[in-house]
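A short write-up of the structure that comes next.
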Amino acid sequence: MKKSLLAALLLTVASASAAPVFTLSSPDFNDNALMAKKFAGAAKGNASCTGENISPALSWNNPPEGTKSFALVVTDPVGAKGLGVDHLVAYNIPFQRTSFAQGELTSGKGYTGGKNSPGTLRYHGPCPPVGSGEHHYNFTLIATDLPANGLEQGLTREALFGRLKGHTLGAAGLIGRFGNG
């Protein structure tokens, strides 16, 4: 009796710990790998913006139970000489959605745009200064219990996080690196 009870308990614990993990990935780069130059920002007059400003494709799996929407932020924590740069603030992403195609985040469709550091409501690719080394671009997808139309356009990352407080269910992350020599 004790052996079967112990076996049942171990099976229950193993099953609980085998729950699928919420993950974020990209077919365009591996986690903590270099991103292609086409994903870097493109801004006239800014020698650090050497790319085509095409957003990478992203996909995710196994969101937490109860997810009603997602938020996605892309940040460079050492950009702006350590103050950080927000490259994308996106939210009100419907829970049914499981991916963004390459370039879709640049187009501003499929989400509500918040204000990034350059002041736009869309993806703005990496523009690290020449000689500053490789920067790490953190892609963070946050599962929320908020409806997919619950937040107004134009929130900064800080304002979004304030609104998400108490409504987050989990997060998944991915890091891409990029440098300009």
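Can you list the strands (runs of 3 or more DSSP E) found entirely within the stretch 66-181 that contain at least 1 residues being over 14 Å from the mean Cα position of the chain (by Cα)?
Here the list reads 85-94, 135-144, 168-178.
Is it fair to say residue 144 is open to solvent by less than 10 Å² (accessible area, probe 1.4 Å), touching a Ser or Thr at 6+ places or on another chain (Cβ under 7 Å) and in contact (Cβ under 8 Å) with a residue 12 or more places away in the chain?
yes
If you take the residues in the stretch 60-81 that are surrounded by fewer than 17 Cβ atoms within 10 Å (Cβ to Cβ) and among the aliphatic types (A, V, I, L, M), which one is nearest to residue 122 (Cα to Cα)?
Ranking the candidates gives 80 first.
List every residue pair whose Cβ atoms lie under 7 Å apart, where the two residues are 6 or more positions apart in sequence or sit on different chains, the first residue falls within the stretch 20-47 and is assigned to a strand (DSSP E or B), and the second residue, located anywhere, is open to solvent by 90 Å² or more (accessible area, probe 1.4 Å).
What qualifies is 42/52.
Which members of the stretch 44-59 meet the condition of being open to solvent by 30 Å² or more (accessible area, probe 1.4 Å) and modelled with pLDDT under 95?
44, 45, 46, 47, 50
Tally the residues that are in contact (Cβ under 8 Å) with a residue 60 or more places away in the chain, hydrophobic (A, V, I, L, M, F, W, C), surrounded by 16 or more Cβ atoms within 10 Å (Cβ to Cβ) and farther than 23 Å from residue 162 by Cβ, restricting the search to the stretch 85-141.
So the answer is 1.
Out of 77, 56, 64, I need the residue that is in contact with a His (Cβ under 9 Å, 6 or more places away or on another chain) and in contact (Cβ under 8 Å) with a residue 60 or more places away in the chain. Which one?
Testing whether each residue is in contact with a His (Cβ under 9 Å, 6 or more places away or on another chain) and in contact (Cβ under 8 Å) with a residue 60 or more places away in the chain leaves just 77.
The values are calculated or read from the model by the stated rules, or taken from the named source; none is laboratory data. The shown structure was predicted, so the numbers you read here are calculated from the model rather than taken from an experiment. No Cβ is skipped: glycine too gets one built from the backbone with ideal geometry, and neighbour counts run over all protein chains shown. Note: areas computed on protein heavy atoms with side chains; ligands, DNA, RNA excluded. Shrake-Rupley method; radii C 1.70, N 1.55, O 1.52, S 1.80 Å.
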